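Colleague: Okay, here's the structure, questions in a sec.
Just so it is clear, none of the values below were taken in a lab; they were calculated from the coordinates. Quantities reported herein were computed from a predicted structural model and do not represent experimental measurements. Every residue, glycine among them, receives a Cβ derived from its backbone with ideal geometry; neighbour counts consider all protein chains shown.
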Amino acid sequence: MTDAAISRHQARAWLSTAALSRLVCGLVLLLSWEIAVRAFAPAYVAKPSGVLAAIPRVIVDPAFLQATGITLAAVAEGLAIALAAGIPLGLAMGRSLIVDRSLRHYVNGFYAVPMIVVLPLVSLWFGYSGAARLATIVFAAVFSIIINVADGARSVPKDYLEVASSFRSRRLRAMVDIVLPSATPYLLAGLRLAAGRALIGAVVAEFFTAIGGLGYFILYNSRTYKHDEAFVGVLLLAAFGVGFELFVATSTRRFLPWYRRDEHAN
Amino acid sequence: MSRAWSRHAPFWLSLIAGMALWEIVGRNTSAAFMVPLSTTLVRLWEMLASGELWKQFLDSAALFLAGLAAAIGIGMPAGLLFARIPALRIGLEPYIMVLYATPMVALIPFILALMGFGFGPKVLVVFLFAVFPVLYNTIEGARSIKPELIEVARAYRSSESALWREVMLPYTLPYTMTGVRQAIGRGLVGMVAAEFFLSSTGLGQLIMTASQNFDTGGVFAIILIIGLLGVALMRLGLFIEQRFARWRN
């Protein structure tokens with residue numbers, strides 16, 4: 001065999017053992033969950049077999065679909081607002097020392113505030129309504145976008161901007177055509193963080209204000225002892241969390257292949 | 001003007017501007033929605049003086065520290081164990097990644113239904129929020145150990161304990177500390193979530209009572225306290241991470 005063939009063979013062998021050990025671990029986890037619940041817990045507690053049986057029932061349930069749609073739309077809307085507000089602010093902070101020095105402590109400070117504490121306040125301001133949820137999502141998401149865009153704008157190579165200014169490009173033009181594109185990987189990293197936080201924000205807002213959505217669907221079903229059904233909602237939330245991570249990771253690799261950033265951005 | 005002046009002036013000026021803005025907006029809106037900074041500080045002082053704030057703070061701190069300690073005490077050894085047994089690591093990695101990306105708040109209703117209102121379930125919430133960053137980053141660190149290092153150690157007949165002390169720990173610890181920093185932030189969210197949605201205690205209870213009594217000054221005062229706590233903890237986390245980052249090259 002040639003070297004390439006050997007290494008291909010080894011790679012395939014490694015892949016199959018990896019897949020096998022993943023499968024075995026997954027099965028062991030599910031099985032021990034199932035056994036633990038059957039042995040020690042009351043009948044209503046979620047267990048893998050029950051959740052599996054509930055999936056076909058729940059995903060055609062109009063109430064579930066509607067709740068999912070509401071929450072996702074709110075998260076998308078909140079992220080759009082956070083992007084629209086966060087990108088200009090981040091660019092300004094990254095490119096202007098004065099703006100950076102006067103705003104950075106506020107942005108870092110608000111970023112460190114556990115978003116959940118603003119719930120009593122936003123429900124006071126916006127009532128127990130979708131607006132309170134939207135405000136929570138925006139609060140949860142916007143600061144990680146600002147911080148990452150500012151980092152990105154700060155790291156633009158000086159040469160690019162010097163070339164632009166020697167061609168007498170206006171500052172705004174340079175901002176849109178040079179700074180923004182080169183800050184995009186940072187923006188994506190910020191968006192990944194922001195999306196995770198936005199999802200948490202939406203769920204806690206629904207728990208707190210009891211307005212309709214996926215979080216409330218989980219809360220309501222678990223209160224009425226339909227844990228299997230409620231757990232399908234948790235699975236969907238997990239899928240969104242993972243899906244967004246993968247989406248950002250693959251789009252970074254696909255559209256910005258020259259860019260390698262560590263996972264440690266957060 | 002000195003350089004120090006131009007360096008620090010924007011910070012102080014914007015801080016004063018922010019406080020003035022808070023004061024002015026607060027004075028010109030209904031007290032039910034927003035109170036000025038001065039009222040917030042007076043309310044804060046009242047709570048401090050009565051000893052209420054301190055008592056509830058200690059309550060919250062006990063919850064936070066118990067959850068965080070459990071997360072580090074379980075997450076780190078588990079991560080190191082996975083580092084040593086690659087088959088286990090490869091097998092469990094995708095599941096840990098999924099749990100790391102899952103919003104753990106969604107599990108709170110189940111914890112409430114199963115475990116009720118005691119201290120234990122609340123510690124579990126903080127633990128669940130905090131453990132996966134520790135575990136995930138420790139495994140990440142374990143992956144960074146070059147197999148050659150372990151092979152060399154083996155070739156020199158290193159004992160298992162020496163292998164852990166000299167190779168495993170130094171290589172994974174900086175990564176674990178990144179996880180600990182994230183865990184501190186997430187644990188704080190978990191703490192407030194547990195105090196809101198399980199039995200009401202600590203700073204979370206103070207906020208809830210204040211907002212139910214339409215004591216807006218109280219709400220702002222506690223949010224200010226938790227916010228400052230968040231900033232201080234984030235600083236602490238960064239400090240810890242950077243202390244260990246020197247090992248990582």
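Colleague: Which of B:Ile90, A:His9, A:Gly50 sits farthest toward the positive end of the charge dipole of the protein assembly as shown, with +1 on the Cβ of Lys and Arg and -1 on the Cβ of Asp and Glu?
Modeller: Result: A:His9, furthest along the dipole toward the positive end.
Colleague: If you don't mind, another one. What are the trypsin sites (Lys or Arg not before Pro) within the stretch A:143-211 that DSSP puts in a loop, where the Cβ has at most 16 other Cβ atoms within 10 Å? Can you show the working numbers first?
Modeller: Details: sites: A:Arg154, A:Lys158, A:Arg168, A:Arg170, A:Arg171, A:Arg173, A:Arg192, A:Arg197; in loops: A:Arg168, A:Arg170.
Listed in order of number, the matching sites are A:Arg168, A:Arg170.
Colleague: Mean Kyte-Doolittle of at least 0.0 and a Cα length of 24 Å or more along the axis: which whole DSSP H helices of chain A meet both?
Modeller: A:3-40, A:62-95, A:130-154, A:180-209, A:227-255
Colleague: Would you kindly state how much longer the chain becomes between A:Ala131 and A:Arg173 on full extension, computed as 0.36 nm times their sequence separation minus their alpha carbon distance, in nm to one decimal?
Modeller: 11.6 nm
Colleague: Does the stretch B:45-245 come out rounded, prolate or oblate, given a ≥ b ≥ c as the square roots of the eigenvalues of its C-alpha gyration tensor, rounded meaning a/c under 1.5 and, failing that, prolate meaning a/b above b/c?
Modeller: In terms of gyration-tensor shape, prolate.
Colleague: Would you mind ranking B:Ile72, A:Ile147, A:Ile137 so that the residue whose beta carbon has the fewest other beta carbons within 10 Å leads the list?
Modeller: B:Ile72, A:Ile147, A:Ile137
Colleague: Of A:Ser16, A:Ser49, A:Ser102, which has the largest mean-square fluctuation in a 10 Å C-alpha GNM of chain A?
Modeller: Comparing A:Ser16, A:Ser49, A:Ser102 in the GNM, the peak value goes to A:Ser16.
Colleague: Return the aspartates and glutamates within reach of A:Lys47: Cα separation strictly under 14 angstrom, same-chain partners fewer than 8 residues apart disregarded; answer none if there are no such residues.
Modeller: A:Glu34, A:Asp228, A:Glu229
Colleague: Okay, moving on. If you line up the long axis of helix B:202-212 against the longest principal axis of chain B, both from Cα atoms, how many degrees apart are they, to the nearest 10?
Modeller: Helix B:202-212 and the main axis of chain B meet at about 30 degrees.
Colleague: Which parts of the stretch B:90-121 would a label at A:Val24 reach, counting a residue when its backbone N lies under 18 Å from a point 7 Å out along Cα-to-Cβ?
Modeller: Taking a point 7 Å out along Cα→Cβ of A:Val24, the residues of the stretch B:90-121 whose backbone N falls under 18 Å are B:90-96.
Colleague: To the nearest 20 Debye, how big is the dipole of the stretch A:49-265 about its Cα centre, given +1 on the beta carbon of each Lys and Arg and -1 on that of each Asp and Glu?
Modeller: 660 debye
Colleague: Taking every eigenvalue of the Cα gyration tensor of the stretch B:1-105, multiplying by 5 and rooting it, what semi-axes result, largest first, whole Å?
Modeller: 45, 24, 16
Colleague: Something else about it: Among B:Gly202, B:Ile150, B:Thr40, which residue has its Cα positioned farthest towards the positive end of the charge dipole of chain B, with +1 placed on the Cβ of Lys and Arg, -1 on the Cβ of Asp and Glu, and the dipole taken about the Cα centre?
Modeller: Of the listed residues, the answer is B:Ile150.
Colleague: Any idea what the dipole of the protein assembly as shown comes to, in debye rounded to 20, about its Cα centre with Lys/Arg Cβ at +1 and Asp/Glu Cβ at -1?
Modeller: Here the protein assembly as shown has a charge dipole of around 1220 debye.
Colleague: Right, here's the next one. When a/c is below 1.5 the answer is rounded, else prolate if a/b is larger than b/c, else oblate, so apply that to the stretch A:1-135 with a ≥ b ≥ c taken from the square roots of the Cα gyration tensor eigenvalues.
Modeller: In terms of gyration-tensor shape, oblate.
Colleague: What is the pair-distance distribution P(r) of chain A, computed from all Cα-Cα distances in 5 Å bins starting at 0, with each bin given as a whole percent?
Modeller: Reading the bins upward from 0: 1, 6, 10, 12, 13, 12, 12, 11, 9, 7, 5, 3, 1, 0, 0, 0.
Colleague: Any idea which of A:Ala202, B:Phe11, B:Gly73 is furthest toward the positive side of the dipole for the protein assembly as shown, if Lys and Arg beta-carbons carry +1 and Asp and Glu beta-carbons -1?
Modeller: B:Phe11
Colleague: If the cut-off is a Cα-Cα distance under 18 Å, which aspartates and glutamates reach B:Lys55, setting aside same-chain residues fewer than 8 apart in sequence?
Modeller: Leaving aside aspartates and glutamates fewer than 8 places away in the same chain, those within reach of B:Lys55 are B:Glu46, B:Glu195.
Colleague: OK, next. The stretch B:157-211: which trypsin sites (Lys or Arg not before Pro) are DSSP loop and have at most 14 other beta-carbon atoms within 10 angstrom?
Modeller: B:Arg157
Colleague: Under 18 Å from a point 7 Å along the Cα-to-Cβ line of B:Ala20: which residues of the stretch A:78-105 have their amide N that close?
Modeller: Backbone N within reach: A:99, A:102-103.
Colleague: Would you mind working out the magnitude of the charge dipole of the stretch B:27-93 relative to its Cα centre, with +1 at each Lys and Arg C-beta and -1 at each Asp and Glu C-beta, to the nearest 20 Debye?
Modeller: 140 debye
Colleague: Can you give the Rg/Rh ratio of the stretch A:127-264, where Rg is from the C-alpha atoms and Rh is the Kirkwood radius? Don't skip to the answer; put the middle values down first.
Modeller: Working: Rg = 19.9 Å, Rh = 17.4 Å.
Across the stretch A:127-264, the Cα-based Rg/Rh ratio is 1.14.
Colleague: Where does the Debye-calculated log10 I(q)/I(0) of the protein assembly as shown sit at q = 0.06, 0.07, 0.09 Å⁻¹, using only Cα point scatterers of equal weight, no solvent?
Modeller: Log-scaled intensity ratios, in q order: -0.32, -0.44, -0.73.
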